[in-house]
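The values are calculated or read from the model by the stated rules, or taken from the named source; none is laboratory data. Owing to the predicted nature of the structure, the values given are computational and were not obtained by experimental measurement. Glycine also receives a Cβ, built like all others from the backbone with ideal geometry; neighbour counts cover every protein chain displayed. Areas reflect the complete protein model, heavy atoms only, side chains present, ligands, DNA and RNA absent. Shrake-Rupley method; radii C 1.70, N 1.55, O 1.52, S 1.80 Å.
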Amino acid sequence: QVQLVESGGGLVQAGGSLRLSCATSGRTFSSYAVGWFRQAPGKEREFVAAPSRSAGFTYYADSVKGRFTISRDNAKNTVYLQMNSLQPEDTAVYYCAAGSRLGRRERSDYDYWGQGTQVTVSS
């Protein structure tokens, strides 16, 4: 079992930044991969970012590439999503999820999910 708790969401103006945190517990941090997804009102949950199997390489959705950055702090068992140049279309509930394999971009590849944190970007 892996527990994940997101934090750091909020209301921000267009062009602003937020850093989301995903605190994990329950299993050895290095034994699972953590990715980020988001779900906007009336839409399906979509992939945002996840580290690949290649060290130092990360997959990003085209819509966030160049603006969002995923990182992790192994000492704190925490994964971060730095979001810059936020736009109203980034408004969504953001979820982190844990799975057994790196580089996965489908929801079905992740076994454990956090409760989500709301990000709202005003124009």
Take the range 86-123 and flag every residue that is outside any strand (DSSP E or B), out of contact with any Pro (no Cβ under 6 Å at 6 or more places or on another chain) and open to solvent by 60 Å² or more (accessible area, probe 1.4 Å).
-> Q87, E89, S100, R101, R104, R105, E106, R107, S108, D111, Q115
Residue satisfying condition, being farther than 19 Å from V121 by Cα and at pLDDT 95 or above, within set V5, V48, V93, V64 | V5
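Do we find that T69 is surrounded by fewer than 18 Cβ atoms within 10 Å (Cβ to Cβ), on the phi < 0 side of the Ramachandran plot and either in contact with a Gly (Cβ under 6 Å, 6 or more places away or on another chain) or β-branched (V, I, T) (or both) in this structure? Spell out how you get there, then give the answer.
Values: surrounded by fewer than 18 Cβ atoms within 10 Å (Cβ to Cβ): yes; on the phi < 0 side of the Ramachandran plot: yes; either in contact with a Gly (Cβ under 6 Å, 6 or more places away or on another chain) or β-branched (V, I, T) (or both): yes.
Yes.
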The range 72-85 - residue that is assigned to a strand (DSSP E or B) and under 20 Å from G26 (Cα atoms) and, of those, most open to solvent (accessible area, probe 1.4 Å) | R72
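Can you name the residue in the range 20-66 that is in a loop (DSSP other than H, G, I, E, B) and of a type in the set (F, W, Y) and is also surrounded by the most Cβ atoms within 10 Å (Cβ to Cβ) among such residues?
Step by step, filter the range 20-66, then rank; the result is Y32.
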